[in-house]
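Here's the structure, in structure tokens; my notes come after.
Each value in this text was obtained by applying a stated rule to the coordinates, not by laboratory testing. The structure displayed is predicted, hence computed values, not measured ones. Every residue, glycine among them, receives a Cβ derived from its backbone with ideal geometry; neighbour counts consider all protein chains shown.
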Amino acid sequence: MNKSFILSTGSYLPKKTLSNDEIALKVETSDEWIRQRTGITQRHIADEGELTSDLAVNAAKNAIEKAKILMDEIDLIIVATTTPDKTLPSCATIVQSKLKCVNAFAFDVQAACSGFIYAVTVADSLIKSNNRIKYALVIGAEIMSRIVDWEDRSTCVLFGDGAGAMVIKSATHFNEITENPTRGIISTNLYSDGNVDILCTNGGISSTGDPGKICMNGREVFKHAVDKLTASVRETLKCNDLKIADIDWLVPHQANIRIIEAVVKKLNLSMKKVINTVDKHANTSAASIPIALDNATQESKIKPGSFGLLIAIGAGLTWGSVLLCY
Ligand code: ACO
């Protein structure tokens with residue numbers, strides 16, 4: 001069967017940062033509270049004129065440069081986002097236009113913070129079922145600062161803006177599968193449960209006519225996140241006849257260090273194998289996994305031939321995992 005594997009990664013964070021102390025000037029909170037409860041020290045905030053597609057394009061250019069391919073070689077673009085530039089067209093087609101990827105077909109995926117896991121799963125499935133696709137560009141990009149209620153201290157401290165990208169290559173076209181037969185996306189699993197009220201916006205296009213602001217029951221989300229991420233990893237290991245010791249690295253959705261630590265403890269995995277970047281950029285929703293992955297590959301924390309998992313949970317609730325050999 002055709003196989004897909006990660007060729008390169010890229011990321012982009014807006015230049016402007018917002019520290020915990022700066023937030024404490026606007027709402028009743030403190031650097032100490034935010035660090036202790038979430039592990040976050042700062043977030044990046046997009047400039048007024050900067051759009052989600054701009055962040056996506058910057059991350060994509062970074063990944064494409066490393067992949068050493070041309071824009072017109074890209075056959076598929078998927079953008080995972082909850083904060084697109086416009087209601088229509090899709091952010092992915094705007095990215096296609098800005099990058100001049102004239103031979104691609106492009107669409108968005110919306111699964112909130114799990115969006116990147118969903119998008120990688122769709123790209124992998126399309127590559128496996130469609131011989132036309134040689135290179136797929138998968139992006140997670142968000143400007144969460146525009147749907148955050150900056151007067152709500154229970155949510156505004158948690159989120160940030162950013163984008164991450166990945167070029168996924170089809171093995172069939174290049175015979176690279178013979179070079180390293182284990183390399184590639186091994187399995188993916190996705191879930192949702194229709195639990196739509198514990199994390200949502202208070203508006204939307206067909207309800208209020210504007211996107212609304214984020215509302216969340218933090219304690220409930222925390223509990224579901226720990227249980228569901230742990231169950232998803234266990235299921236993936238079981239389906240692939242693997243043990244937790246076989247996993248070299250884990251890139252979890254970067255929402256909160258306490259969620260990550262609780263999952264890792266339940267799985268009996270060493271924290272040394274876990275990629276953690278949430279302190280630097282807070283929760284960038286669908287962008288968090290590709291940003292963390294790009295950081296880890298740049299710092300050689302993830303080496304070619306190593307086995308790892310990407311795991312995420314988000315509003316919906318949606319969750320899932322991707323098992324791969326890098
Ligand atoms: N600064 C100071 N105090 C605060 C703040 C703040 N920013 N926010 C809430 N508090 C107060 C509350 O008002 C409450 O005060 P009270 O006891 O007088 O009523 C107290 O702190 C405790 O509030 P809790 O909500 O119980 O605090 P908790 O320990 O649960 O931490 C947090 C809150 C960090 C949101 C936690 O529940 C959490 O991490 N939940 C997961 C949510 C998450 O990560 N969401 C991201 C999106 S979903 C996803 O990506 C998976």
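Things worth noting here:
- By average C-beta atoms within 10 angstrom, highest first, the peptides 135-147, 304-316: 135-147, 304-316
- Gyration tensor over the Cα atoms of the stretch 4-177: the corresponding equivalent ellipsoid has semi-axes (square roots of 5 times the eigenvalues, largest first) of 34, 16, 14 Å.
- Our note on the geometry: Cα centres of the stretch 188-209 and the stretch 307-326, 19 Å apart.
- Note on the chain: with a GNM built from Cα contacts shorter than 10 Å, the maximum mean-square fluctuation among Thr82, Thr208, Thr172 falls on Thr208.
- Per-residue ³J(HN,Hα) for the stretch 133-147, Karplus 6.51 cos²θ - 1.76 cosθ + 1.60, θ = phi - 60°, Hz, x for Gly and Pro: 8, 9, 10, 10, 9, 10, 10, x, 9, 8, 10, 5, 4, 8, 10
- Ordering Asn20, Thr182, Ser53 by Cα displacement along the dipole of the chain toward the positive end leaves Thr182 in first place; charges were set at the Cβ atoms of Lys, Arg (+1) and Asp, Glu (-1).
- Placing unit charges on each Cβ (+1 for Lys and Arg, -1 for Asp and Glu) gives the chain a dipole about its Cα centre, and among Ala171, Ser97, Trp319 the Cα reaching farthest toward its positive end belongs to Ala171.
- Dipole magnitude (debye, nearest 20) for the stretch 230-326, charges at Cβ of Lys, Arg, Asp, Glu: 260
- Max mean-square fluctuation residue, GNM over the chain, Cα-Cα springs under 10 Å, options Gly115, Gly164, Gly218: Gly218
- Remark on Ser306: its backbone amide H falls under 5 Å from those of Tyr326, a criterion applied only to residues 5 or more positions apart or on other chains, H modelled at 1.01 Å from N.
- Rg/Rh ratio calculated on Cα atoms of the chain (Kirkwood radius): 0.95
- Under a Gaussian network description of the chain, with springs only between Cα atoms under 10 Å, the residue in Ala56, Ala231, Ala286 that fluctuates furthest is Ala231.
- Cβ-placed point charges (K, R +1; D, E -1), dipole of the chain about Cα centre in debye, nearest 20: 880
- Once backbone amide H atoms are built at 1.01 Å from N, Thr201 has Cys215 as its partners under 5 Å, excluding neighbours fewer than 5 places away on the same chain.
- Taking other C-beta atoms within 10 Å as the exposure proxy, Asp161, Asp124 rank Asp124, Asp161 from fewest upward.
- Counting DSSP beta bridges with both ends in the chain, the antiparallel % (nearest 5): 70
- Total lysine pairs whose alpha carbons fall under 28 Å of each other in the stretch 42-153 (8 or more apart, or interchain): 19
- Straight Cα distances below 19 angstrom link Lys16 to the lysines Lys26, Lys280, with same-chain residues fewer than 8 positions distant left out.
- The amide H of Phe159, built 1.01 Å from its N in the peptide plane, has Asn283 as neighbours under 5 Å, considering only residues 5 or more places off or on other chains.
- Low-density loop positions, chymotrypsin sites (Phe, Trp or Tyr not before Pro), the stretch 1-51 - DSSP coil, at most 10 other Cβ in 10 Å: none
- Basic side chains Lys and Arg get +1 at the Cβ, acidic Asp and Glu get -1 at the Cβ, and with that the dipole of the stretch 29-164 about its Cα centre reaches some 560 debye.
- Note, ³J(HN,Hα) from phi for the stretch 276-285, Karplus 6.51, -1.76, 1.60, rounded to Hz, x at Gly and Pro: 10, 10, 4, 4, 7, 9, 6, 7, 9, 6
- For a label point 7 Å along the Cα-to-beta-carbon line of Asp21, residues of the stretch 41-75 with backbone N under 19 Å: 41-45
- Each label was represented as a point 7 Å from its Cα along the Cα-to-Cβ direction; for Arg132 and Glu151 these points are 5.0 nm apart.
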